[in-house]
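The values are calculated or read from the model by the stated rules, or taken from the named source; none is laboratory data. As the structure is a computational prediction, the values presented were derived from the model and not from experiment. So basically every Cβ, Gly included, is an ideal-geometry build from the backbone, and we count neighbours across all protein chains shown.
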Amino acid sequence: MVQDALFQLGMDSARLNTAQTEDKNDTQAAATAGGGKDHFIEKDGVECAGAHLIVDLYDAKRLDDLAFIERTLIDCVEAAGATLLHIHLHPFEPNGGVSGVAVLAESHISIHSWPERAYAALDVFMCGDAVPERCIEVLEKAFRPGRLEVKELLRGKEA
């Protein structure tokens, strides 16, 4: 059954295994090129994998505008000094909500919007030299929320 599901997604086991091998080789090459640096960061005296911002936008605008959301995520990536690898957004009907992710070399930015409630939930997780906090100003300017809440988690820190 899993094999059928993979096939329907265009991912047969031979291709999947090849992709996994290629990904492993790419990861090893990237580690070698970066001098073996694992891109952990130090924040507020804590060594961790990266900062993960949980962002809630209330009374926000343009949460059903797919092209605008894509441009905003790209603007976030650029502001943070991150590296965009891939972006995928999916619109929902009939309410016009959008779910998607910008996959980054430094991790990801995801969005889930409910335009009928003027609400969006975003995750901004970055490691290395990227600065995820710079995304907040971009999001405020783009979506003009009446209220914005941000929580920060330091991922992968030692207890």
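Quick look at the numbers
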| item | result |
| --- | --- |
| Single residue of region 20-45 satisfying the filter (assigned to a loop (DSSP other than H, G, I, E, B) and at pLDDT below 60) that is nearest to the chain's Cα centre (by Cα) | G34 |
| Failed item in (1) closer than 11 Å to V55 by Cβ; (2) surrounded by fewer than 16 Cβ atoms within 10 Å (Cβ to Cβ), with G156 passing the rest | (1) |
| Members of region 49-82 that are under 19 Å from D129 (Cβ atoms) and free of Cβ contacts under 8 Å to residues at least 24 places away in the same chain | E78 |
| 1 or more residues modelled with pLDDT under 95 and more than 13 Å from V124 (Cβ to Cβ): qualifying strands (runs of 3 or more DSSP E) within region 46-105 | 46-48 |
| Single condition A120 does not satisfy, out of (1) assigned to a loop (DSSP other than H, G, I, E, B); (2) buried (at least 21 other Cβ atoms within 10 Å of the Cβ); (3) of a type outside the set (K, R) | (1) |
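Table: residues versus (1) in a strand (DSSP E or B); (2) among the charged types (D, E, K, R); (3) not assigned by TED's automatic domain parsing to the domain that holds Y58.
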residue	(1), (2), (3)
S113	yes, no, no
E116	no, yes, no
V124	yes, no, no
G128	no, no, no
A142	no, no, no
P145	no, no, no
